[in-house]
Each structure stands twice: as C-alpha cells, then as structure tokens.
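In what follows, a single structure is set out as structure tokens and then discussed.
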Amino acid sequence: MKITSIVAIYALFWVMSAFFLLPFGVKTHEEAGIDKVPGQADSAPAHFRPGKLAIRATILAALATVLFLLNYSYGWITVEDINLIGNPPDPDAKSA
C-alpha cells in the first residue's frame, strides 16, 4: 500500500475519531455550576478543550489505522466475512 493511501486512511480515521469523541467528557454550564451567558444554548459546553480532543483523536486514529493496515496485510476480515445478504442467485442454474 502506498504511503499516500495510508495518510488518506489515517485522515479519514482522524476525522471520524474526532466526531466520535466530541460528546465524551463534556459538561454543560448547569452541570459545571457556572452561570450561562444570556441567549446561550442549554447544551453548550462549559469548557471546550480542542487540544485534548485532538490528542485523543490522534491516538484513536493511529490505533484504528494500524488495525486497518494489519487487516489489509493479513486478511483477517474479508468481504466474504461481512456479506450479510448471501451470494446472488446463479443465472445458469436450472430452477427445480
């Protein structure tokens, strides 16, 4: 696999990881006991830390990329393993 493909896969995993991790560890102003600004949404986070989120997303994306590359190399899970529909009917088979 080319390095550009690996970087693209890592970038996709990073974005997915960042969106997956966004709701974890977030407290609203009410939960944190802080006064809200007038007009602020009730669900707005009290302390948003993008650096901490980026570090967590980087670690999770690196792990996911390594697992993906190992699966690509060793073929642990293939398309046939996740085929939930089954094989299509054979057009040459005679119906009974």
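Structure values in brief
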item: Test: residue in the range 36-55 that is in contact with a His (Cβ under 9 Å, 6 or more places away or on another chain), without any contact (Cβ under 8 Å) to a residue 40 or more places away in the chain and among the β-branched types (Val, Ile, Thr); result: yes
item: Within the range 1-31, considering residues that are of a type in the set (Gly, Ala, Ser) and either surrounded by 12 or more Cβ atoms within 10 Å (Cβ to Cβ) or in contact (Cβ under 8 Å) with a residue 24 or more places away in the chain (or both), the one farthest from Gly75 (Cα to Cα); result: Gly25
item: Per-region count, the range 36-67, residues closer than 15 Å to Val26 by Cβ, within 18 Å of the chain's Cα centre (by Cα) and surrounded by 15 or more Cβ atoms within 10 Å (Cβ to Cβ); result: 3
item: Lone qualifier among Ile6, Ile34 - being assigned to a helix (DSSP H, G or I) and β-branched (Val, Ile, Thr); result: Ile6
item: Residues being at pLDDT below 95 and not in a loop (DSSP other than H, G, I, E, B) - total across the range 9-31; result: 4
item: For Leu70: the one exception among (1) assigned to a loop (DSSP other than H, G, I, E, B); (2) aliphatic (A, V, I, L, M); (3) without any contact (Cβ under 8 Å) to a residue 60 or more places away in the chain; (4) surrounded by fewer than 12 Cβ atoms within 10 Å (Cβ to Cβ); result: (1)
item: Within the range 73-96, considering residues that are acidic (Asp, Glu) and in a loop (DSSP other than H, G, I, E, B), the one nearest to Ala18 (Cα to Cα); result: Asp90
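The values are calculated or read from the model by the stated rules, or taken from the named source; none is laboratory data. Note that the structure is predicted; figures quoted are calculated from it, not measured. Neighbour counts are summed over all protein chains in view; Cβ atoms, including those assigned to glycine, are modelled from backbone coordinates with ideal geometry.
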